[in-house]
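One structure below.
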Amino acid sequence: MSFTWGTMLFQVVAILILMFLLKRYALGPVMKVMNERSEHIEQQITTAEQNRAEAEKLVAEQKEALSQARQEAKDLLERARAQKEREAEEIIRDARERAERLISEAKSEIISEKEQAIQELRDEVGTLSVMLASKMIEKEIKAKDQSALVKKYLNQVGELQ
Amino acid sequence: MESTPKVEFLNMTFDLTIIIGTTVTCLIVFLISVLATRGLSRVPRGLQNLVEMAIDFVRGITRMTYDNKTADKYVVFSYTLFMFILVANQLGIFLMVTMHADQPFPALGIAEDDHVAWFKSPTADLSVTLAMAVAVALYTHIVGIRSGMKNYLGHYLTPLGPIHLIEEFSKPLTHGMRLWANIFAGEILITIMITEGSPLITGAPVIVWMGFSLFVGAIQAYIFTVLANVYISQKMAH
């Protein structure tokens, strides 16, 4: 085993050249890409975190808005139901009132009609009874009168004679 | 022990086997890394995952030793060291080319009847591992001086100064030799088991040992990288 200075020199020079060439054509570009990648990943991670925070905020907002909307809808429904009940009651009351009014009107009309009918009947009965009475009287008078007249006439005839 | 083809140039000896091994290793590392990073996308696909995994692993090593800002500066350095040593360690386990020289070949320093290795792990050679360890050690001193001369020198002027001084030599030595010894031992044992004795006896052990060598190769690549980073960070001003 011997030292050969030429070999040693060649070795060192070869390594230096290899180092230079590797840096120039292989490692330089690769390391640049690797650095770019790690930067890119870091950036992506920060962006993703930001996005997530934003999304969470939005979700919370949406949730709040949703619950608010739900509450509003509930209120609205409640109000509508109350109004409906009130209106229904009113309608029923109106209907009842009207019905009562109609009934009372009808009653009073019936009463007045009845009275009128009774009056009319009474009048009729009066007339009829008068008529009947006059007829009956006339008939009595007629028979009596006739005979009396006959007698009188006969008497007169007799006297005159 | 096999000899290796060597070339003299500018008064220096170049080991051809190592140069081939190092070049092949560098090419494999470079091609894997470049092919994996064609058509880069923010969402990783296929081989890109593999290289990113390796980068993350290496970044883990640097994060252990430096503060986060400095750590990214040493990722390329650590990745190169780790991948080179890892690939180099595993290469020799699967591919070793040896030749028997019938004739001497003086131009490459090959004698007659030599066993000549043409391809093996570059990290199984002490020159390679020590070269890297010493280069790292020199770099640590540069870092130390740049981050404060007073602090750098003051370190050696304490009562424990001489020990620190010795440490400065023992650190690269152990740093390089640890890697070399592990890989070298692995290859030697594989070579012996394959070349000597009946395959019926050594067949099963060699497979087990190759598996273990793969594991050791990965561990040593990791250790070398971690230690290099630790040595550098030790010299930084605290």
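The values are calculated or read from the model by the stated rules, or taken from the named source; none is laboratory data. If you're wondering where the values come from, they're calculated on a predicted model, not measured in any experiment. Positions of Cβ are generated from backbone atoms using ideal geometry, with glycine treated the same way; all protein chains shown enter the neighbour counts.
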Inside segment A:22-62, the number of residues satisfying the requirement of being small (G, A, S), over 21 Å from B:S78 (Cα atoms) and surrounded by 12 or more Cβ atoms within 10 Å (Cβ to Cβ) is 0
Kindly establish whether B:R42 is surrounded by fewer than 18 Cβ atoms within 10 Å (Cβ to Cβ) and at pLDDT below 85. yes
A careful count of residues in segment B:118-152 that are more than 8 Å from chain A (Cβ to nearest Cβ), surrounded by 24 or more Cβ atoms within 10 Å (Cβ to Cβ) and not in a helix (DSSP H, G or I) gives 2
_Would you confirm, using the coordinates I've provided, whether B:I18 is under 18 Å from the mean Cα position of the chain (by Cα), at pLDDT 80 or above, part of a helix (DSSP H, G or I) and within 8 Å of another protein chain (Cβ to nearest Cβ)?_
yes
Checked against (1) aliphatic (A, V, I, L, M); (2) more than 7 Å from chain B (Cβ to nearest Cβ); (3) more than 59 Å from the chain's Cα centre (by Cα), A:I45 satisfies every condition except (3)
Selection from segment A:1-40 of residues among the basic types (K, R) and more than 7 Å from chain B (Cβ to nearest Cβ) yields A:R24, A:K32
Per the list (1) farther than 20 Å from B:A131 by Cα; (2) surrounded by fewer than 17 Cβ atoms within 10 Å (Cβ to Cβ), residue check on B:V206 breaks on (2)
Self-check item: Meets criteria (touching a Cys at 6+ places or on another chain (Cβ under 9 Å), within 11 Å of chain A (Cβ to nearest Cβ) and not acidic (D, E)) for B:F77
Solution: no
Of the listed residues (B:V7, B:V29, B:V51), the one being at pLDDT below 75, among the hydrophobic types (A, V, I, L, M, F, W, C) and not in a loop (DSSP other than H, G, I, E, B) is B:V7
